[in-house]
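Below is one structure, written out as structure tokens, with a few remarks after it.
The values are calculated or read from the model by the stated rules, or taken from the named source; none is laboratory data. This one's a predicted model, so the numbers in the text were calculated from it and none came from an experiment. Neighbour counts are summed over all protein chains in view; Cβ atoms, including those assigned to glycine, are modelled from backbone coordinates with ideal geometry.
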Amino acid sequence: MSTYVSKEMRAELNAARIASLKKASRLRVEVDGTYYRVLRMWKDGFTVEVDSTPPLRGLVDLYDGANHLYQCLIVAAEEEAGEMRYEFKRNTMAADKAPLDFYRSPDAPIALLGKRD
């Protein structure tokens, strides 16, 4: 039995696989104000579609919908089956406020109210 698949059939199968990954993923990467769909993500990196995404490099931001997840320093790893794989050099979780440089007591007041004359 032969397992040969023509180039056209392989391209159609890859296009269908990438379309289903794009539909299922909410993740996106932002570079210079432009967003690109992330197909898959794991601990050490992520993949994007080769045809619709220019080569990425350097500092990027990863989002899940509108939620900013990570600020990442990335490097291109390899292209395989219509996907470009990127690996993290640095992956820092994004925070919505600046970190404190002191201990804040859980029962500390939120604000102080002044006397009203």
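The set of residues in segment 66-117 being more than 30 Å from GLU12 (Cβ to Cβ) and of a type in the set (Gly, Ala, Ser) consists of ALA66, ALA94, ALA95, ALA98, SER105, ALA108, ALA111, GLY114. Within segment 66-91, being surrounded by fewer than 15 Cβ atoms within 10 Å (Cβ to Cβ) and modelled with pLDDT under 85 holds for one residue alone: ALA81. Figure legend. Inter-residue proximity from segment 11-24: first residues farther than 10 Å from ALA81 by Cα, second residues modelled with pLDDT of 75 or more, beta-carbon distance below 8 Å, spacing 6+ or different chains. Indicated pairs: LEU21/LEU39; LEU21/ARG40; LYS22/ARG37; LYS22/LEU39; LYS22/GLU49. Could you look through segment 1-34, keep only residues that are surrounded by 14 or more Cβ atoms within 10 Å (Cβ to Cβ) and of a type in the set (Lys, Arg), and pick out the one that is modelled with the highest pLDDT? Here the answer is ARG28. For first residues located in segment 34-63 and closer than 21 Å to ALA16 by Cβ, partners that are of a type in the set (Ser, Thr, Tyr) and in a strand (DSSP E or B) and lie 6+ apart or on another chain with Cβ distances below 6 Å form the pairs LEU39/THR47; ARG40/THR47; PHE46/TYR86; VAL48/TYR36; THR53/TYR36.
Just to check your reading of the model, which residue among TYR36, TYR4, TYR70 is hydroxyl-bearing (Ser, Thr, Tyr) and touching a Lys or Arg at 6+ places or on another chain (Cβ under 7 Å)?
None of the other options fit; the residue is TYR36.
Test TYR103 against the stated conditions and say whether it is surrounded by 11 or more Cβ atoms within 10 Å (Cβ to Cβ) and either without any contact (Cβ under 8 Å) to a residue 12 or more places away in the chain or in a strand (DSSP E or B) (or both). Answer is no for this residue.
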